[in-house]
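Below: the structure, in structure tokens.
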Amino acid sequence: MLYALHEMQHAALAPMNVFAKASLDLLTSPLNPFAQMPGTRNLAAGTELFLRLTNRYEKPAFGIDSTDVAGQKVAVHEELELDLPFCQLRHFRRDTKVVQPTVLLVAPLSGHFATLLRDTVRALIREHDVYVTDWVDAKMVPLSHGTFHLDDYVEYVRKFIRHLGPAVHVVSVCQPTVPVLAAVSLMASADEDIAPCSMIMMGGPIDARRSPTAVNDLAMRKPYSWFENHVIYSVPAKYPGYMRRVYPGFLQHMGFVAMNPRRHMDAHWDFYNHLRVGDGDSAEGHRRFYDEYNAVLDMPAEYYLDTIRTVFQEFALPEGSMVVHGDAVRPGDIRRTALLTIEGELDDISGNGQTEAAHKLCTGIAAQHREHYAVPEVGHYGIFSGRRWRELICPRIAAFIRAHPAPLDSGAS
């Protein structure tokens, strides 16, 4: 019912949104002799702010068409490598004969699209051959494709690793650290021929009991039934996934904003003032950020609820009780894959120590092939985006990957 009401609200606002768009075009037209007058600027600024607050934000493009490889500018082609019902594996193929390590970048399935990792990809493709998990908006997946559980997520990761082969390095950002560790553990326990050369885990809830954040507190404080009854809704008839049970993107977005409402209010007020005084560069920075931030996807209900229970309430992975399709997850069986964990000092999503906990679980990896990097003065998003990501973290990852060009000797200790 709530999802349907949300769609009705957008439909009701659509005529006003169209009128605002037409008005903004008129108020900012270079042919309008009054466009630069202070009163007109104020009116145009308010109109654009209204327009942005009532827009629908679709999935953004990665928009990466070139990079530097060995000092040479080369073209980058975004290609669809694998197409599964709930995820597309994308390859950022570079026009170069320079052979560099293969990286599987596992993006979060936690509200935003994989394009949130655009800066991550842009930095990694300079020295690596990058593949990215591009999760599909659940409302676009017909019911005929069945359900999607956390176990299925783990199996998708295993499928991608097998597809890319034994020379792959797996980088996981935030939420996927748990299913990635589970996938590599299951492959190790099954003694599969393919083992990733390394796992790089960044800001994820391996053990959410450590330094719990507001996100962790909510998941621990509310019973499982509360999430099932209050945030799960059926997709309306206008979408291909009609009647699929999901955690809607608009509800997730409300939760994101509620974590720091004052910051968002100030950002919108600053945006209005930047427009009013003609500060186009600052206004464009606001547009770029919120075009991405406001673009959200629906998550499959089964996957979301499994994650709440398994990761944030039962702590199944650190407790040693996690099971995927009937098979026990035993990180201690991993011996051929090196481990690098990365945390931000100021992370308010995954608290300090939550990712580092992987080292306590991966007892089969020799100490010289395990490393932890605590990045000072960096918050959650700074781990994979921004100046410190480009200047401090990405070079650290590149060095770790170069130090582990092949799966480890299984006899190492």
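Coordinate-derived values only; no laboratory data. Keep in mind it's a predicted model, so treat the numbers as computed, not measured. Here the Cβ positions follow ideal geometry from the backbone for every residue, glycine too, while neighbour counts run over all protein chains shown.
Of note:
- Neighbour-count order for L84, L2, L105, fewest beta carbons within 10 angstrom listed first: L2, L84, L105
- When restricted to Cα atoms, region 272-413 yields an Rg and a Dmax of 19.9, 66 Å, respectively.
- For region 192-349, diffusion coefficient by Stokes-Einstein and Kirkwood Rh (Cα), 37 °C, 0.692 mPa s, µm²/s: 171
- Pairwise label distance in nanometres, R162 with Y242, each label 7 Å out on the Cα-Cβ vector: 3.5
- Added length on full extension, which subtracts the Cα-Cα distance from 0.36 nm per residue, A190 to A11: 59.2 nm
- Choice from G379, G111, G203 showing the highest fluctuation, given a GNM over the chain with Cα pairs closer than 10 Å: G379
- Options G386, H325, T337, ranked by Cα towards positive dipole end of region 321-411, top entry (Cβ charges): T337
- Cα long-axis angle, helix 280-293 against the chain (0 to 90 degrees, to the nearest 10): 50
- Stretch in the chain that is longest and holds no trypsin sites (Lys or Arg not before Pro) that DSSP places in a loop and that have at most 13 other beta carbons within 10 Å: 239-413
- Calculated diffusion of region 1-49, Stokes-Einstein form, Kirkwood radius summed over Cα pairs, 10 °C and 1.306 mPa s, µm²/s: 130
- Cα gyration tensor shape for region 288-367, rounded if a/c is under 1.5, else prolate or oblate: oblate
- Net length available on complete extension from S144 to H372 is 77.8 nm, with 0.36 nm assigned per residue and the Cα-Cα distance removed.
- From least to most packed, judged by other beta carbons within 10 angstrom and beginning with the fewest, Y247, Y242, Y290 follow the order Y242, Y290, Y247.
- Cβ-derived FRET efficiency at R0 35 Å, Y57 paired with M37, nearest 0.05: 0.70
- Each of L49, L5 was scored by other Cβ atoms within 10 Å of its Cβ. Arranged with the fewest first, they read L5, L49.
- Estimated FRET transfer efficiency when R0 is 30 angstrom, pair A406-F256 (beta carbons, to 0.05): 0.15
- Helix 2-27 axis versus longest C-alpha principal axis of the chain: approximately 50°, rounded to the nearest ten.
- Expected-Rg normalisation [2.2 N^0.38 Å, Cα atoms] applied to region 63-207: 1.04
- Rh (Kirkwood; distinct C-alpha pairs) - region 59-124, Å: 13.1
- Less than 5 angstrom separates the built amide H of E127 from none of the residues sequence-distant by 5 or more or on a different chain.
- Its residue count N sets the reference 2.2 N^0.38 Å, and the alpha-carbon radius of gyration of region 188-265 equals 1.58 times that reference.
- Compactness check for region 115-187: Cα Rg over 2.2 N^0.38 Å is 1.21.
- For region 355-401, the share of alpha carbon pairs falling in successive 5 Å distance bins from zero is 4, 19, 26, 21, 16, 11, 3 percent.
- Remark on region 329-413: Rg and Dmax equal 13.8, 39 Å (Cα only).
- Projected onto their three principal axes, the Cα atoms of region 1-117 cover extents of 57, 45, 17 Å, largest first.
- Pair-distance profile P(r), taking every C-alpha pair of region 262-315, with 5 angstrom steps and integer %: 4, 16, 16, 14, 9, 9, 11, 9, 7, 4, 1
- Alpha carbon centroid spacing (whole Å) that separates region 98-175 from region 207-247: 22
- Axis angle, to the nearest 10 degrees, between helix 249-259 and the longest C-alpha principal axis of the chain: 90 degrees.
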